[in-house]
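To start, the structure under review is shown below, and the notes come after it.
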Amino acid sequence: MTKSFKELYFEQKNLPTPAQAFLEDVALATNRSITTVRMWISGTQIPDHKTLKILANKFDTEPHLLFPDNENE
C-alpha cells in the first residue's frame, strides 16, 4: 500500500525523539521509571550503586564518571 505524504509525515511525527528513546532505554535497562531517570538527569536524585553499575556497563564506562558531581556522597 502506498502512503500519502501526510501519512508519511505523521508516521515520523509520532516516533519518539532521540531524547525520549534514551529515557525509555535507560528506564528499561535499570527497571526504573522515566520520572526517576529524569531526576538523575536533573541531579535531584542519583542512582544506587547497583544501578550505577548497570548504567556503567550499558554505556561502557566507569560508574564514578557518570555522576562526577556526586563522588563524595
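Data overview
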| read-out | value |
| --- | --- |
| Qualifying residues in segment 14-44 (those that are assigned to a loop (DSSP other than H, G, I, E, B) and in contact (Cβ under 8 Å) with a residue 12 or more places away in the chain) - the one nearest to the chain's Cα centre (by Cα) | 32 |
| Evaluation of residue 47 against (1) touching a residue at least 12 places away in the same chain (Cβ under 8 Å); (2) part of a helix (DSSP H, G or I) (one fails), failing number | (2) |
| Residue count, segment 50-72 (criterion: in contact with a helix residue (DSSP H, G or I) (Cβ under 6 Å, 6 or more places away or on another chain), touching a residue at least 24 places away in the same chain (Cβ under 8 Å) and either over 19 Å from residue 19 (Cα atoms) or not in a helix (DSSP H, G or I) (or both)) | 1 |
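Only the coordinates and a few stated rules stand behind these numbers; no lab work does. In this text the structure is predicted, and so the values were computed from the model without any measurement. Glycine also receives a Cβ, built like all others from the backbone with ideal geometry; neighbour counts cover every protein chain displayed.
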